[in-house]
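J.: Pasting a structure below so you can have a look.
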Amino acid sequence: MRAWLVLLSLTTAVGAEPVGPPRWQQAAVAPALTRVWGAGSEVYGVGSTGVYRSTDGGASWTAVGERSAAVGVWATAPDDVWVVRARSVLHSTDGEGVHWTSRALPLPFGAQLEGMWGAGLDLYVFGADRSSQA
């Protein structure tokens, strides 16, 4: 399987178009990632086999934290990274993704988390109730 990563540079203007052509970079050694977050050359990615970190813009990856499935990743900076699992979130503040604290959430039966976003000090975790077939 081949993985690809696209890098876009945007201006700060509202409705800005990417500056220059997007650069596609083949990441031959990348794990199967479903979500990514990055700042500069620091990138975190998650997937069915866990959490991964790249310090070279996605050219190489290192497994960090627990090796369990994760469905989302969001951060304010490389030293404030949040990872979403089906029923809990992980938080790392060490800047390297080595130490994580787990925070279980009081979810109703059947609810599964799918992602996270934040603004300022407010964090939003979202998901769906998968307990019933509609």
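The values are calculated or read from the model by the stated rules, or taken from the named source; none is laboratory data. This is a predicted model, so every value here is computed, not measured. Ideal geometry is used to build each Cβ from the backbone, glycine not excepted, and the neighbour counts take in all protein chains shown. Just so you know, the surface numbers come from the protein's heavy atoms only, side chains and all, with ligands and any DNA or RNA stripped out. Shrake-Rupley method; radii C 1.70, N 1.55, O 1.52, S 1.80 Å.
J.: Can you work out which of the residues in the stretch 106-134 that are assigned to a strand (DSSP E or B) and aromatic (Phe, Trp, Tyr) is least open to solvent (accessible area, probe 1.4 Å)?
T.: In this case the residue turns out to be Phe126.
J.: Same structure again: Please specify each residue of the stretch 99-128 satisfying the condition of being of a type in the set (A, V, I, L, M) and farther than 20 Å from Arg35 by Cβ.
T.: Within the stretch 99-128, the subset of a type in the set (A, V, I, L, M) is 104-105, 107, 111, 113, 116, 119, 121, 123, 125, 128.
Scanning the stretch 99-128 gives Ala104, Leu121.
J.: Only residues that are outside any strand (DSSP E or B) and surrounded by 21 or more Cβ atoms within 10 Å (Cβ to Cβ): list them for the stretch 86-105, please.
T.: Gly97
J.: Now a separate question. Counting only residues that are open to solvent by less than 20 Å² (accessible area, probe 1.4 Å) and in a strand (DSSP E or B), which one in the stretch 61-72 is farthest from Leu123 (Cα to Cα)? Steps first, please.
T.: In the first step, residues of the stretch 61-72 are kept if they are open to solvent by less than 20 Å² (accessible area, probe 1.4 Å); the result is 64, 70, 72.
This time we only want the ones that are in a strand (DSSP E or B), so: 64, 72.
Working: Val64: 22, Gly72: 13 Å.
It comes out as Val64.
J.: Okay, moving on. Does Ala32 fit the bill of being modelled with pLDDT under 90, within 30 Å of Ser131 (Cα to Cα) and either surrounded by 12 or more Cβ atoms within 10 Å (Cβ to Cβ) or among the hydrophobic types (A, V, I, L, M, F, W, C) (or both)?
T.: Numbers: modelled with pLDDT under 90: yes; within 30 Å of Ser131 (Cα to Cα): yes; either surrounded by 12 or more Cβ atoms within 10 Å (Cβ to Cβ) or among the hydrophobic types (A, V, I, L, M, F, W, C) (or both): yes.
Yes.
J.: Another one. When you go through (1) crowded, with 20+ Cβ neighbours inside 10 Å; (2) at pLDDT 90 or above one by one for Gly58, which number turns out not to apply?
T.: Against the list (1) crowded, with 20+ Cβ neighbours inside 10 Å; (2) at pLDDT 90 or above, Gly58 comes up short only on (2).
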